[in-house]
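Reading through the structure tokens given below for one structure.
The values are calculated or read from the model by the stated rules, or taken from the named source; none is laboratory data. Just so it is clear, the structure is predicted and the values come from calculations on it, not from any experiment. Backbone-built Cβ (ideal geometry, glycine too); neighbour counts: all protein chains shown. Surface accessibility is based on the protein's heavy atoms, side chains included, excluding ligands, DNA and RNA. Shrake-Rupley method; radii C 1.70, N 1.55, O 1.52, S 1.80 Å.
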Amino acid sequence: PHLAALVLARGGSKGIPLKNIKLLAGVPLIGWVLRAAIDAGVFHSIWVSTDHDEIEKVAKQFGAQVHRRSPEVSQDSSTSLEAITEFLNHHREVDIVGNIQATSPCLHPSDLIKVADLIQKEGFDSVFSVVRRHQFRWSEVKKGENKMTEPQNLNPAKRYRRQDWPGELYENGSFYFAKRHLIEKGYLQGGKMAYYEMRAEHSVDIDIDIDWPIAEQRVLSFGYFGKEPLKEVKLLVCSIDGCLTNGRIYVTEDHKEMVSYDYRDIVGIDLLKKRGIQVRLISDRDCSKTLSAMQLGCVAKVNVTNKLQVLKDWQEDMGLSWKEVAYLGNEESDVECLKQAGMSGVPADACAAAQKAAGYICKSRGGCGAVREFAEHIFLLLEKVNSARKQ
């Protein structure tokens, strides 16, 4: 049977405008779940249902197909079931839908693989995700009512210790898998049902803006970053124009060139060096006088016609794997380097091709703190590497 992954990503959002493609830890929110769905390798097709051009663009960048939903199922009052039903009406080849929520960025391929087995091999009609909570519930007393609250799942005279109580299962909204015949009857959950229990640290759901910084920390600690394990970065190669500088060149009356840079980026380079990470600089043009004036103390290669070849030469000379190389670029000439490096980033104002190739998109523009921001991102991921080693 044809198993399709379907991510519903409407353009309108009452809480956060275009929330589904807002950057979370340098990746569009929807990108986290699409990456997990693609790497799971269990879906015959992967779709994003949207009514918005920008969301469509991002979805295609991450390898998904796009179903343009109608205005009738794109309203604030529209339900997920209505959008899924419309999708099925247009795609008769689909037998099972795995509705994956865009707002669950800590989803892992291993979860999706196990759920696919439940519904394809073990014969369940619907499977949904849950998380175990150890929370005591009490009855609500509305204002003005002369009532006492009552315990719902505990005896106050004999409260459980956490380790003595298995807790309760709650839907966490990460995904809902269902067969076509159920959905056509108006159900997402029904028939022979099963739940799939996710780890608590993977149960991140973004609903309101205040959750965003918390979610960024969670996804950096527990998110899925790709099939290959992360390795410690030993080399950062940074494009000079448009990354270390803002790309503008000022020419004086006596034909001298001047550029500007952000001191925060210099601090970022120093911090990288202190962590034992080499920083090397690269440029399409001859800016050797500018580099000499900046006194960064970094190996640099200027007037380069083939950046990828220079990057390969440096990687081989240092005896590094590609997973140990990071690259920060911003132009089309950087695209192949961004694709090759184990960790890649671009400033917020990088060209579209560079943004598509990068794994991290900075909030800062080139020459305005992007190098420092990317350095901080590297440090956070190194913490994840060290944590995995300890485990």
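Looking at Gln152, is it open to solvent by 90 Å² or more (accessible area, probe 1.4 Å) and touching a Phe, Trp or Tyr at 6+ places or on another chain (Cβ under 9 Å)? So Gln152 passes the test. Given the criteria free of Cβ contacts under 8 Å to residues at least 40 places away in the same chain, touching a strand residue (DSSP E or B) at 6+ places or on another chain (Cβ under 7 Å) and either among the small types (Gly, Ala, Ser) or within 24 Å of Lys114 (Cβ to Cβ) (or both), does Glu168 qualify? In short, yes. Of Val66, Val58, all but one fail to be in a helix (DSSP H, G or I) and under 30 Å from Ala353 (Cβ atoms); the exception is Val58.
The combined condition, being open to solvent by 10 Å² or more (accessible area, probe 1.4 Å), modelled with pLDDT of 90 or more and out of contact with any Lys or Arg (no Cβ under 8 Å at 6 or more places or on another chain), is fulfilled by Lys273. When only residues in the range 301-326 that are surrounded by 19 or more Cβ atoms within 10 Å (Cβ to Cβ) and aliphatic (A, V, I, L, M) count, which is farthest from Gly247 (Cα to Cα)? Residue satisfying both the conditions and the ranking: Val325. Quick one: would you say Leu382 is among the hydrophobic types (A, V, I, L, M, F, W, C) and in contact (Cβ under 8 Å) with a residue 40 or more places away in the chain? Here the answer is yes, as Leu382 does meet what is asked. Note down all Cβ pairs under 6 Å where the first residue falls in the range 76-99 and is among the charged types (D, E, K, R), the second is open to solvent by less than 70 Å² (accessible area, probe 1.4 Å), and they're at least six residues apart or on different chains. Short answer, once both residue conditions are applied: Glu82/Val73; Glu86/Val73; Glu93/His2; Asp95/His2; Asp95/Arg180. Restricting attention to the range 214-231, does a residue exist that is open to solvent by 30 Å² or more (accessible area, probe 1.4 Å) and farther than 30 Å from Ser129 by Cα? Yes; the residues of the range 214-231 include at least one that is open to solvent by 30 Å² or more (accessible area, probe 1.4 Å) and farther than 30 Å from Ser129 by Cα.
For the range 12-34, a residue qualifies if it is open to solvent by 20 Å² or more (accessible area, probe 1.4 Å) and under 18 Å from Leu380 (Cβ atoms), and exactly one does: Leu23.
Only one of the numbered conditions (1) open to solvent by 90 Å² or more (accessible area, probe 1.4 Å); (2) touching a Ser or Thr at 6+ places or on another chain (Cβ under 9 Å) is violated by Lys143, and that is (2). Apart from one condition, Leu281 fits all of (1) over 27 Å from the mean Cα position of the chain (by Cα); (2) without any contact (Cβ under 8 Å) to a residue 40 or more places away in the chain; the exception is (2).
Just give me the residues in the range 233-247 being at pLDDT 75 or above and not polar (S, T, N, Q), in sequence order. Correct list: Val233, Lys234, Leu235, Leu236, Val237, Cys238, Ile240, Asp241, Gly242, Cys243, Leu244.
Per the listing Asp262, Asp211, Asp205, the residue uniquely surrounded by 14 or more Cβ atoms within 10 Å (Cβ to Cβ) and without any contact (Cβ under 8 Å) to a residue 60 or more places away in the chain is Asp211.
Hey, any hits in the range 243-251 for a residue that's closer than 30 Å to Ala36 by Cα and touching a residue at least 24 places away in the same chain (Cβ under 8 Å)? The answer is yes; a qualifying residue exists.
For the subset of the range 314-332 comprising residues that are out of contact with any Leu (no Cβ under 7 Å at 6 or more places or on another chain) and of a type in the set (Gly, Ala, Ser), which member is modelled with the highest pLDDT? For the range 314-332, the residue satisfying everything is Gly319.
Okay, residues lined up against (1) under 23 Å from Gln217 (Cβ atoms); (2) crowded, with 24+ Cβ neighbours inside 10 Å; (3) touching a Gly at 6+ places or on another chain (Cβ under 6 Å); (4) in the same structural domain as Gly345 (by the TED database):
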position: Ile46; (1), (2), (3), (4): no, no, no, no
position: Ala64; (1), (2), (3), (4): no, yes, no, no
position: Val97; (1), (2), (3), (4): no, yes, no, no
position: Asp111; (1), (2), (3), (4): yes, no, no, no
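Going through the range 348-391 one residue at a time, which ones are hydroxyl-bearing (Ser, Thr, Tyr) and at pLDDT below 90? Tyr360, Ser387, listed by residue number. If a residue must be open to solvent by 30 Å² or more (accessible area, probe 1.4 Å) and more than 18 Å from the chain's Cα centre (by Cα), how many such residues does the range 327-350 contain? Looking only at that region, the number is 6. For the range 24-44, the set of residues classified as of a type in the set (Gly, Ala, Ser) and touching a His at 6+ places or on another chain (Cβ under 7 Å) consists of Gly26, Ala36, listed by residue number. Those helices (runs of 4 or more DSSP H) of the range 201-302 in which 1 or more residues are outside the structural domain of Ala354 (by the TED database) and more than 18 Å from Val371 (Cα to Cα) occupy 212-222. Checking each residue in the range 184-198 for being open to solvent by less than 80 Å² (accessible area, probe 1.4 Å) and either part of a strand (DSSP E or B) or closer than 17 Å to Ala116 by Cα (or both) picks out Leu188, Gln189, Gly190, Gly191, Ala194, Tyr196, Glu197, Met198.
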